[in-house]
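The values are calculated or read from the model by the stated rules, or taken from the named source; none is laboratory data. The structure displayed is predicted, hence computed values, not measured ones. We place every Cβ from the backbone using ideal geometry, glycine too, and count neighbours over all the protein chains shown.
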Amino acid sequence: MTLLGTSDADITAAAQAIREGRLVAFPTETVYGLGSDAFNAHAIGRIFAAKKRPFFDPLIIHIAERSNLTKVADLDSLSLAVKEKIQLLCQELWPGPLTLILPKKDGIPLIATSGLSTVAVRFPSHPIAHKLIARSTGAIAAPSANRFACLSPTCAEHVQEQLEEAIDFIIDGGHSEIGLESTILDIRDGIPRILRPGGYPKEAIEALVGQTFSQSGDTNGISAPTAPGQLKSHYAPQAHLFVHSRVQMLNLTAFGEEQSAFLFFDASSAKIVSRTLKHSAILSEKGDTTEAAANLFSKLHDLDKSGVTAIHAELAPDTGLGPAINDRLNRASMK
Ligand code: TXA
Ligand code: MG
């Protein structure tokens, strides 16, 4: 594996590697992605192998221009009203942490979509991701750059720790600003459904489409086609993760504390614990869900590295990016 910087020459070399069918981990504003040419079935197969990801879990296709949407998705079969909503979402929320589920275009190999006739498409806002996509083939298939079901990477070091042996290049673009994955939205039949809560809170999407809808962070309530990525166990650290409400967190017994780490949502709950904890972290001092989301995976990585056998994490409030944080914590806690 070669570690690249963000110079023009490095991005050009990485884009060339993508065109040649190789794998490049790259920064996005959500988490790092592990990319290959979206039109090359063989290269996409290498992504599944590198991540040890089951073939039934489809990938997101990343584009860097709105006009490239029609190269990967086929909007013809959608009603005019749905097309208008999609156009509005693309206009207002792209580039950014929104992934849309759309009918697949033939040029996208079925291995990328796990045989589904739909494709997940995202237009990330990270400038390095833009350059890489634009200089390769205009569409990059990329899951998060972690081993399957493990913690998502928010910096190059996280990728290196998990995938060093299995991939060709990592572009080091510093820390991901948002820190958790994109919101996945299926609006094909006119009824918006969030298949995965993420970087855009549901309220932002509701305001735009003029409809309120339920947030479905779990498999209940999701109608066909199911999102294979809604697998119950996901985003997990090595240590066993336990999630708690604030009250439960404050009443946790001191038993086994040496081997346990505590992840508090904000400073006020951390302060109420009167004794000194050996391993603890706070997601956002002032209790801001956006800041907490940005810190979630990196704090979990750090606590995990301290060698504890259990991590006790406090759930976030149910506003802003709180539901997306809680979705990741709940999935990580289910073994
Ligand atoms: O922010 C993100 O979305 C990051 C960055 C790298 O862009 N990517 C990411 O990819 O989170 P991944 O592979 O870790 O998660 C993709 C999710 C999976 O849960 C997968 O099941 C779902 O998207 N997905 C992909 N294609 C789908 C489809 N056609 N229908 C329903 N769900 C789909
Ligand atoms: Mg992932």
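In the stretch 261-287, what count of residues is obtained for those that are crowded, with 16+ Cβ neighbours inside 10 Å, modelled with pLDDT of 90 or more and of a type outside the set (A, V, I, L, M)?
Selection size over the stretch 261-287: 8.
Of all residues being under 22 Å from the mean Cα position of the chain (by Cα) and aliphatic (A, V, I, L, M) in the stretch 16-40, which is nearest to ligand 1 (Cβ to nearest atom)? Just the residue, please. Lay out the reasoning, then the answer.
First, pick out the residues of the stretch 16-40 that are under 22 Å from the mean Cα position of the chain (by Cα): 18, 22-39.
Now restrict to residues that are aliphatic (A, V, I, L, M): 18, 23-25, 31, 34, 38.
Working: Ile18: 14, Leu23: 13, Val24: 12, Ala25: 9, Val31: 5, Leu34: 8, Ala38: 12 Å.
That would be Val31.
This table checks each residue for (1) of a type outside the set (Phe, Trp, Tyr); (2) closer than 16 Å to Ala142 by Cα.
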site: Phe56; (1), (2): no, yes
site: Arg66; (1), (2): yes, no
site: Val72; (1), (2): yes, yes
site: Ala81; (1), (2): yes, no
site: Ile86; (1), (2): yes, no
site: Glu92; (1), (2): yes, no
site: Ile101; (1), (2): yes, yes
site: Asp106; (1), (2): yes, no
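With of a type in the set (Gly, Ala, Ser) and either within 12 Å of ligand 1 (Cβ to nearest atom) or within 21 Å of Ala43 (Cβ to Cβ) (or both) as the only criterion, which of Ser214, Ser117 stands out? Walk me through it before giving the result.
Numbers: Ser214 fails: either within 12 Å of ligand 1 (Cβ to nearest atom) or within 21 Å of Ala43 (Cβ to Cβ) (or both).
So the residue among Ser214, Ser117 that is of a type in the set (Gly, Ala, Ser) and either within 12 Å of ligand 1 (Cβ to nearest atom) or within 21 Å of Ala43 (Cβ to Cβ) (or both) is Ser117.
Here are some residues: Arg46, Arg53. Which one is away from ligand 2 (no atom under 16 Å from the Cβ), charged (D, E, K, R) and farther than 20 Å from Asp189 by Cα?
Arg46
What residue, of Ile86, Ile133, Ile108, Ile170, is away from ligand 2 (no atom under 16 Å from the Cβ), assigned to a helix (DSSP H, G or I) and in contact with a strand residue (DSSP E or B) (Cβ under 6 Å, 6 or more places away or on another chain)? Working first, answer last.
On the way: Ile86 fails: in contact with a strand residue (DSSP E or B) (Cβ under 6 Å, 6 or more places away or on another chain); Ile108 fails: assigned to a helix (DSSP H, G or I); Ile170 fails: assigned to a helix (DSSP H, G or I).
Within the list Ile86, Ile133, Ile108, Ile170, the selection yields Ile133.
So, in the stretch 160-196, how many residues would count as being in contact with a Lys or Arg (Cβ under 9 Å, 6 or more places away or on another chain) and either among the polar types (S, T, N, Q) or within 21 Å of Phe123 (Cβ to Cβ) (or both)?
Within the stretch 160-196, residues that are in contact with a Lys or Arg (Cβ under 9 Å, 6 or more places away or on another chain) and either among the polar types (S, T, N, Q) or within 21 Å of Phe123 (Cβ to Cβ) (or both) number 11.
Would you confirm whether or not the stretch 53-76 contains a residue that is among the aromatic types (Phe, Trp, Tyr), surrounded by fewer than 24 Cβ atoms within 10 Å (Cβ to Cβ) and within 10 Å of ligand 1 (Cβ to nearest atom)? If you could, list the steps in order and put the result at the bottom.
The initial filter retains those residues of the stretch 53-76 that are among the aromatic types (Phe, Trp, Tyr), namely 55-56.
Applying the additional criterion that residues be surrounded by fewer than 24 Cβ atoms within 10 Å (Cβ to Cβ) yields 55-56.
Then keep just the ones that are within 10 Å of ligand 1 (Cβ to nearest atom); that gives 56.
So far as the stretch 53-76 goes, yes, one or more of its residues are among the aromatic types (Phe, Trp, Tyr), surrounded by fewer than 24 Cβ atoms within 10 Å (Cβ to Cβ) and within 10 Å of ligand 1 (Cβ to nearest atom).
Within the stretch 136-146, can you find the residues that are within 16 Å of ligand 2 (Cβ to nearest atom) and part of a loop (DSSP other than H, G, I, E, B)?
Ala142, Pro143, Ala145, Asn146
Among the residues of the stretch 301-329, how many are in contact with a Lys or Arg (Cβ under 9 Å, 6 or more places away or on another chain) and either at pLDDT below 95 or part of a helix (DSSP H, G or I) (or both)?
Number of matching residues: 5.
Search the stretch 117-130 for residues being part of a loop (DSSP other than H, G, I, E, B) and touching a strand residue (DSSP E or B) at 6+ places or on another chain (Cβ under 7 Å), and hand back the single one that is surrounded by the most Cβ atoms within 10 Å (Cβ to Cβ).
Pro124
Exactly one of these conditions fails for Phe148: (1) of a type in the set (A, V, I, L, M, F, W, C); (2) away from ligand 1 (no atom under 11 Å from the Cβ); (3) surrounded by fewer than 18 Cβ atoms within 10 Å (Cβ to Cβ). Give me its number.
Result: Phe148 fails condition (2) only.
Step by step: first the residues of the stretch 224-251, then only those that are closer than 14 Å to Ser269 by Cα and at pLDDT below 85, then the one that is nearest to ligand 1 (Cβ to nearest atom). Which residue is that?
Leu250
For the condition free of Cβ contacts under 8 Å to residues at least 40 places away in the same chain and more than 13 Å from ligand 1 (Cβ to nearest atom), what is the one hit in Glu165, Glu157?
Glu157
From the list Cys155, Cys150, which one is within 13 Å of ligand 2 (Cβ to nearest atom) and of a type in the set (A, V, I, L, M, F, W, C)?
Cys150
For the stretch 291-314, check the following and say yes or no: at least one residue is loosely packed, with under 14 Cβ neighbours inside 10 Å, among the hydroxyl-bearing types (Ser, Thr, Tyr) and under 23 Å from Thr183 (Cβ atoms).
Checked against the condition, which is being loosely packed, with under 14 Cβ neighbours inside 10 Å, among the hydroxyl-bearing types (Ser, Thr, Tyr) and under 23 Å from Thr183 (Cβ atoms), the stretch 291-314 yields no hits at all.
Among Ala145, Ala149, which is the only one that is under 17 Å from the mean Cα position of the chain (by Cα) and at positive phi? Break it down into steps so the answer makes sense when it comes.
Details: Ala145 fails: at positive phi.
After applying the criteria, what remains is Ala149.
Only one of Pro192, Pro197, Pro153 is surrounded by fewer than 22 Cβ atoms within 10 Å (Cβ to Cβ) and over 21 Å from Gly21 (Cα atoms); which?
After applying the criteria, what remains is Pro192.
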